[in-house]
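The structure under discussion appears below in the form of structure tokens.
We did not get these values from a lab; they are worked out from the coordinates using the rules stated. Model, not experiment: these values are computed from the prediction. Cβ coordinates were reconstructed from backbone atoms using ideal geometry, including for glycine residues, and neighbour counts include every protein chain displayed.
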């Protein structure tokens, strides 16, 4: 009876936050001669309904409907910045960005050079500190560019990250890399998907260009949301203890063999001040349940391309990714509000 009541309440909340706007969509490249180029994607509320297009859709994944390059709705809107996972891209959380934009948010993300689906540059990947800086650069653009600064609410900014993106946004909240902590934890928990990435991400030894204090926090970001993050045990306990940004920690309950949430999301939940964090585990979710929905036959298709990649489209038994997305969306909107 209790669970029936909770599910019904969740359904009512989902209906009450139903779409109020069409979704505008645009893509730009942020260029700076002294910094790396950032392929940036922005979703936003609009009243324009003409010229609806399907984006992020391919034979394996389901896309969403938007109005490309539409005029943004008049008004001021909260901002959400999204960081994708390891070798991911803007399409991975397109479902979430579209839903948030339809509810009155300006949402922006970038394909992180070196760790995106289309850019595996070792030189860029090893600059681990650039990932959080990428997100701050997008925010700089939204708050200073004439076409956006009138619409972006500078006092209502949040950041969301999945997997390595969760690790990225936690740094924006004030979590700091601490190599001795990382090395000690890798001796105890030699996880191939985290410890095994140390060299590629430049965490195995100090890099010439990396920031000395390793403080990449952005005080403009008022809330952060971590979606089944990885590499959590590279953060110092002290920096997590000192966090002052409200944090929503969402995790996948099914261990896929290399990212057990109790050792990742559970680690930051343990050390962030209790009054500042919410921690929830979706028992029927797997690590990739936070990504876009898959089409029928996608598991076989992905496995045929690269054996093992079909796991991207797997969720827990007796559940669907659409159901999980509705629960995740409700929890995120509730936290943002």
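Averaged over residues, the count of other Cβ atoms within 10 Å places the peptides 236-248, 109-121 in the sequence 109-121, 236-248, highest first.
Compute the relative contact order of the chain as a whole-number percentage, counting only Cα pairs closer than 8 Å that sit 6 or more residues apart in sequence. Contact order relative to length: 16 percent.
Remark: relative contact order (the range 176-265) = 38 percent; criterion is Cα-Cα distance under 8 angstrom and separation of 6 or more residues.
For residue 244 and residue 154, FRET efficiency with R0 = 25 Å and r from the beta-carbon atoms, rounded to 0.05?
0.85
Highest average first, the peptides 26-35, 286-295, 49-58, 191-200 ordered by how many other beta carbon atoms sit within 10 Å of their residues are 286-295, 191-200, 49-58, 26-35.
Quick one: of the DSSP bridges fully inside the chain, what percent are antiparallel, nearest 5?
DSSP beta bridges in the chain are roughly 45 percent antiparallel.
Between residue 303 and residue 49, what FRET efficiency comes out of the Förster formula 1/(1 + (r/R0)^6) with R0 = 35 Å and r the beta carbon distance, rounded to 0.05? With R0 = 35 Å, the Cβ-Cβ based efficiency is 0.35.
Fully extending the segment from residue 258 to residue 318 would add 19.3 nm, taking 0.36 nm per residue of separation and subtracting the current Cα-Cα distance. Placing a label point 7 Å from the Cα of residue 117 along the Cα-to-Cβ line, the residues of the range 53-83 whose backbone N sits under 11 Å from it are 56-63. Calculated on the Cα set of the chain, radius of gyration then Dmax: 19.1, 60 Å.
Quick check on the range 164-296: of the DSSP beta bridges with both residues there, what percent are antiparallel, nearest 5%?
Working: 1 of 11 bridges.
Here the antiparallel bridges make up roughly 10 percent for the range 164-296.
Shape analysis of the range 41-120 places it in the oblate category; the axes a ≥ b ≥ c from the Cα gyration tensor give an a/c of at least 1.5, with a/b not above b/c. Scoring 60-72, 169-181 by mean Cβ neighbours within 10 Å over their residues and listing the highest first yields 169-181, 60-72.
For the range 247-337, the relative contact order is 29 percent, taking Cα pairs closer than 8 Å that sit 6 or more residues apart in sequence and dividing their mean separation by the residue count. Distance from the alpha carbon centroid of the range 20-68 to that of the range 169-246 works out to 30 angstrom. Taking the alpha-carbon centroid of each part, what is the distance from the range 277-315 to the range 115-156 in angstrom? If you average the Cα positions of each part, the centres end up 26 Å apart.
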